[in-house]
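Peer 1: Just dropping this structure here.
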Amino acid sequence: MVTARVLCALGLLPVIPVFGQARNYNITFGPSNWLNFYNEVLTTIPCTYQITARNATMSEPDGALCMIVDENGIHNANFDLVQGGAAATLGWPAELASILILPKPEAPLRYFVFVNTTETTKQAGYVEVDMSANLGTGAVIGGPTWYMSNCTGKLAATPDSNGADYWLVQHADGTDEFHSFRLTTSGLLPTPVISTAGPMLGVTGSNAPYSSDYYGSMRFSVGGNQMLMGFDVAPDTMASALYWFDATTGSVSLRTSALRDRSRYIDPFTSDTLTAQGISAAVVGVDFMATDDFAYVTYLDTTIWDGSGDSHIVQYDLSLDEEQIAEQPLGISGHQPGLGPWGVDTLGTSLILAADGKLYLRGPYQNWGVLEQFNSLPVALGGPPVNPAVVYMPGTFDTWALPLFCKRYHDSEPAWLGVRDDVAEKSFFRVVPNPIAHQGAMTWGNSPQPDHLVWRDALGRVVRSEPALNNGPTTVLARKELSTGLYMVEVLRDGKTLGTSKVMFE
């Protein structure tokens, strides 16, 4: 089968219906859940590392896992802290509001880790990380730098229209101000582009601890010219605002702030179009279709009869004018309620457009950690019901927030559609650290999960053959009985060789 690469359109140009970049092939969320999207196909992978509530991952341009950041600090692909990367060393508080990673423009293997703190300090800061340092185990080489005060937990990023830089967008607390910072080859420019647009957010504490003004999600569309943001209308009534974003100037302007928790449906008996008004206590997720023509908002309702809470998605058609967008929404999913008053983690995002171009929703459940995968969006009024597929997490139950990430990257290949053919890119394996003292890890990009390893010495003799011990989207490389020297590891799956990698034991 012949497959083709398809580029995402930029700005106001027509957007081709495709999404997925290898930088976002690995997604973590608590407590030990991993999603891998090699070839834009979802695989759930058990992981022994206990991930905290706020976390982010970054993969290399070929999809191999590169780094994991959570409230404990900055980790390499072997789940070890990079040099200088412990949260205590960085001066991070015990809890964070949000985390996002961006590659430094034109600097391979260097990354900026951005964090927003909680309502206690309301700061935005970053550190620079070099993942090539210390034989590939990584090190913090700059920061921490606290570049904004009085910010909310809202954090989003998109590529600059110049084809090299990125825009990082923050929202000031208790105001209607967006602060857009440009990330360049020189680092983060300290002077932001400030735009006043949309609703005035309440000062922190006005609706704590379930404030969509502070914690409500903020995300860019794939094309980067639109942005969604959750906010408070009044206690127990939340909404979302839709904005235009200028990727050349960094300015933000309002389309509509009237996206509410309501939906239309057709009465099966009278065929009349009816409108149902919901009551939502939080906006727990916002995102777009890959084609940028539909927006989705997840609302959490805490008025269910048993007080347990319920989340559901509302769809908005962005091809309509501003007034019609707000007046013609469609509800697409109702969820069973959680088993506690608020479920698990209502302050983090529960909706994500993943690297396969599909929306995934994390329900507010306790003791049942699942995602729902939506394969048949958008929905139409009076059309067939949406029956999402349930994605069960292996070996764990409670889940917490899905991560933030940028939708597109300047250095990552565009998406492949369908299954790669025989002339696909060659699988790539990277070992960190290299040399290895006792134990290291091998990451795999453009490759399915290995199931067997064959070790050969410098003369080509087989010295060990063993099942692959996988931990998340990495394979553990243990020295065991092997002596100092150079080895070649052959990586296999179902008896077929996926590739090879050199490993040095010191």
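Peer 1: Would you confirm whether or not segment 112-124 contains a residue that is under 16 Å from residue 74 (Cα atoms) and surrounded by fewer than 21 Cβ atoms within 10 Å (Cβ to Cβ)? Lay out the reasoning, then the answer.
Peer 2: So in segment 112-124, the residues under 16 Å from residue 74 (Cα atoms) come out as 112-117.
Applying the additional criterion that residues be surrounded by fewer than 21 Cβ atoms within 10 Å (Cβ to Cβ) yields 117.
Yes, some residue in segment 112-124 is under 16 Å from residue 74 (Cα atoms) and surrounded by fewer than 21 Cβ atoms within 10 Å (Cβ to Cβ).
Peer 1: For the condition over 25 Å from residue 121 (Cβ atoms), at pLDDT 95 or above and assigned by TED's automatic domain parsing to the domain that holds residue 318, what is the one hit in 247, 239, 234, 276? Full working, then the answer.
Peer 2: Working: 239 fails: at pLDDT 95 or above; 234 fails: at pLDDT 95 or above; 276 fails: at pLDDT 95 or above.
Only one candidate qualifies: 247.
Peer 1: Name the residue that is nearest to residue 243 (Cα to Cα), counting only residues in segment 290-343 that are crowded, with 21+ Cβ neighbours inside 10 Å, at pLDDT 70 or above and β-branched (Val, Ile, Thr).
Peer 2: Here the answer is 297.
So that you can scan it fast, the table gives a plain yes or no per residue for (1) surrounded by fewer than 19 Cβ atoms within 10 Å (Cβ to Cβ); (2) aliphatic (A, V, I, L, M); (3) without any contact (Cβ under 8 Å) to a residue 60 or more places away in the chain; (4) in the same structural domain as residue 31 (by TED's automatic domain parsing):
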{"site": "78", "(1), (2), (3), (4)": "no, no, no, yes"}
{"site": "92", "(1), (2), (3), (4)": "no, no, yes, yes"}
{"site": "95", "(1), (2), (3), (4)": "yes, no, yes, yes"}
{"site": "143", "(1), (2), (3), (4)": "no, no, yes, yes"}
{"site": "153", "(1), (2), (3), (4)": "no, no, no, yes"}
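Peer 1: Any idea which of (1) among the hydrophobic types (A, V, I, L, M, F, W, C); (2) in contact (Cβ under 8 Å) with a residue 60 or more places away in the chain; (3) out of contact with any Gly (no Cβ under 7 Å at 6 or more places or on another chain) is the one residue 229 doesn't satisfy?
Peer 2: Looking at each condition in turn, residue 229 falls short on (3).
Peer 1: Only residues that are touching a helix residue (DSSP H, G or I) at 6+ places or on another chain (Cβ under 8 Å) and over 18 Å from residue 186 (Cα atoms): list them for segment 128-147, please. Steps first, answer last, please.
Peer 2: Start the filter on segment 128-147 by keeping residues that are touching a helix residue (DSSP H, G or I) at 6+ places or on another chain (Cβ under 8 Å), which leaves 139-141, 143-144.
Result: 139, single match.
Peer 1: Of all residues in segment 93-123 being touching a Gly at 6+ places or on another chain (Cβ under 9 Å) and β-branched (Val, Ile, Thr), which is farthest from residue 53 (Cα to Cα)?
Peer 2: 113
Peer 1: What number of residues within segment 445-475 are surrounded by fewer than 17 Cβ atoms within 10 Å (Cβ to Cβ), of a type in the set (Val, Ile, Thr) and touching a Leu at 6+ places or on another chain (Cβ under 8 Å)?
Peer 2: Summing the residues that are surrounded by fewer than 17 Cβ atoms within 10 Å (Cβ to Cβ), of a type in the set (Val, Ile, Thr) and touching a Leu at 6+ places or on another chain (Cβ under 8 Å) in segment 445-475 gives 2.
Peer 1: Would you confirm whether any residue within segment 206-223 is modelled with pLDDT under 95 and in a strand (DSSP E or B)?
Peer 2: Looking through segment 206-223, none of the residues is modelled with pLDDT under 95 and in a strand (DSSP E or B).
Peer 1: Still on this structure, I have one more. Filter segment 356-376 down to residues that are modelled with pLDDT of 85 or more and more than 20 Å from the chain's Cα centre (by Cα), then give me how many there are.
Peer 2: Matching residues across segment 356-376 total 1.
Peer 1: For segment 44-61, name all the residues that are over 12 Å from residue 473 (Cβ atoms) and not in a strand (DSSP E or B).
Peer 2: Within segment 44-61, 48, 50, 51, 52, 53, 54, 61 meet the criteria.
Peer 1: Output yes when any residue across segment 125-132 is touching a strand residue (DSSP E or B) at 6+ places or on another chain (Cβ under 9 Å), in a loop (DSSP other than H, G, I, E, B) and either at pLDDT below 95 or not aromatic (Phe, Trp, Tyr) (or both), and no when none is. Give the steps one after another, and end with the answer.
Peer 2: Here is the first cut: in segment 125-132, the ones touching a strand residue (DSSP E or B) at 6+ places or on another chain (Cβ under 9 Å) are 125-132.
Restricting the remaining residues to those that are in a loop (DSSP other than H, G, I, E, B) gives 131-132.
Then drop every residue that is not either at pLDDT below 95 or not aromatic (Phe, Trp, Tyr) (or both), which leaves 131-132.
Yes: segment 125-132 contains one or more residues that are touching a strand residue (DSSP E or B) at 6+ places or on another chain (Cβ under 9 Å), in a loop (DSSP other than H, G, I, E, B) and either at pLDDT below 95 or not aromatic (Phe, Trp, Tyr) (or both).
Peer 1: Would you confirm whether any residue within segment 186-199 is crowded, with 24+ Cβ neighbours inside 10 Å, more than 28 Å from residue 108 (Cβ to Cβ) and in contact (Cβ under 8 Å) with a residue 40 or more places away in the chain? Give the derivation first.
Peer 2: Here is the first cut: in segment 186-199, the residues crowded, with 24+ Cβ neighbours inside 10 Å are none.
Within segment 186-199, none of the residues are crowded, with 24+ Cβ neighbours inside 10 Å, more than 28 Å from residue 108 (Cβ to Cβ) and in contact (Cβ under 8 Å) with a residue 40 or more places away in the chain.
Peer 1: For residue 132, only one of the following conditions fails: (1) over 23 Å from residue 34 (Cβ atoms); (2) crowded, with 17+ Cβ neighbours inside 10 Å; (3) more than 21 Å from the chain's Cα centre (by Cα); (4) of a type in the set (Ser, Thr, Tyr). What is its number?
Peer 2: (2)
Peer 1: Take residue 89 and decide whether it is outside any strand (DSSP E or B), modelled with pLDDT of 95 or more and of a type in the set (S, T, N, Q). I'd like the intermediate steps shown before the answer.
Peer 2: Working: outside any strand (DSSP E or B): yes; modelled with pLDDT of 95 or more: yes; of a type in the set (S, T, N, Q): yes.
Considered against the rule, which asks whether it is outside any strand (DSSP E or B), modelled with pLDDT of 95 or more and of a type in the set (S, T, N, Q), residue 89 comes out as yes.
Peer 1: Could we say that residue 88 is in the same structural domain as residue 393 (by TED's automatic domain parsing) and either farther than 23 Å from residue 25 by Cβ or surrounded by 18 or more Cβ atoms within 10 Å (Cβ to Cβ) (or both) here?
Peer 2: The answer is yes for residue 88.
Peer 1: Counting just the residues of segment 256-289 that are among the polar types (S, T, N, Q), over 19 Å from residue 242 (Cβ atoms) and free of Cβ contacts under 8 Å to residues at least 60 places away in the same chain, which one comes out surrounded by the most Cβ atoms within 10 Å (Cβ to Cβ)?
Peer 2: 275
Peer 1: Still on this structure: Search segment 234-245 for residues being more than 20 Å from residue 290 (Cβ to Cβ) and in contact (Cβ under 8 Å) with a residue 24 or more places away in the chain, and hand back the single one that is surrounded by the fewest Cβ atoms within 10 Å (Cβ to Cβ).
Peer 2: Going residue by residue through segment 234-245, those that are more than 20 Å from residue 290 (Cβ to Cβ) are 234-239, 241.
Cutting the leftovers down to in contact (Cβ under 8 Å) with a residue 24 or more places away in the chain gives us 235-239, 241.
Details: 235: 12, 236: 15, 237: 15, 238: 30, 239: 24, 241: 22.
Filtering segment 234-245 for residues that are more than 20 Å from residue 290 (Cβ to Cβ) and in contact (Cβ under 8 Å) with a residue 24 or more places away in the chain, the one surrounded by the fewest Cβ atoms within 10 Å (Cβ to Cβ) comes out as 235.
Peer 1: While we're looking at this one, here's another question. Among the candidates 479, 493, 430, which residue alone is touching a residue at least 24 places away in the same chain (Cβ under 8 Å), of a type in the set (D, E, K, R), under 20 Å from residue 109 (Cα atoms) and not assigned by TED's automatic domain parsing to the domain that holds residue 394?
Peer 2: Numbers: 479 fails: under 20 Å from residue 109 (Cα atoms); 493 fails: under 20 Å from residue 109 (Cα atoms).
None of the others qualify; the one that does is 430.
The values are calculated or read from the model by the stated rules, or taken from the named source; none is laboratory data. Given the structure is predicted, the values throughout are model-derived calculations rather than measurements. Neighbour counts are summed over all protein chains in view; Cβ atoms, including those assigned to glycine, are modelled from backbone coordinates with ideal geometry.
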